[in-house]
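Colleague: The structure follows.
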Amino acid sequence: MATTTHHHHHRHVLQLVLSCRKITAQVTNTTTSSIIAMASSSEQEFLAHNHSVLNRFPRSHRFWDAKIASRIGEKLGLRLREIGITGVQIDANEELSRPLHYRTMVSPLFRSVQRAGVHVSGADNFPSF
């Protein structure tokens, strides 16, 4: 079928679920609608950081920052490589419609996914900070 080659590039979509408490990056196979890889700030590695934020005064309402986002991108990138995925697509319109402070913090995530060897198409619309 001719349509398969057309869709081949966008079969894996990277989506971010953001809240002030956590950031989750997940990659979905659009053909099967299943999540094939994810990384999140609620993972074991980040619990100590989350705990320190909780006990900080004045209380920080955001539990993650650009550094954590970058680390999550790195983990996600490595997990994608392990299962043989070398390219993902983001919904650039959705990402660019986020408030600026979120965009500033998620661009390191996209960059670290790319450093891990997974091309993120759509991420070139993001400013590099």
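Colleague: Could you grab the pairs with beta carbons closer than 8 Å, sequence gap of 6+ or different chains, first residue in segment 18-38 and without any contact (Cβ under 8 Å) to a residue 40 or more places away in the chain and farther than 15 Å from L109 by Cβ, second one assigned to a strand (DSSP E or B) and small (G, A, S)?
Modeller: Every condition considered, the pairs that remain are T28/S34.
Colleague: Take the residues in segment 101-129 that are in a helix (DSSP H, G or I) and among the polar types (S, T, N, Q); name whichever of them is farthest from H49 (Cα to Cα).
Modeller: This residue is N125.
Colleague: Where the second residue is acidic (D, E) and the first is more than 13 Å from L16 (Cα to Cα) and lies in segment 93-115, which pairs have Cβ atoms under 6 Å and are six or more apart or on separate chains?
Modeller: Listed by first residue and then by second, the contacts come to S112/E74.
Here, each number is a calculation from the coordinates, and none is a lab measurement. Computed from a predicted structure; not experimentally measured. Positions of Cβ are backbone-derived with ideal geometry, glycine not excepted, and every protein chain shown enters the neighbour counts.
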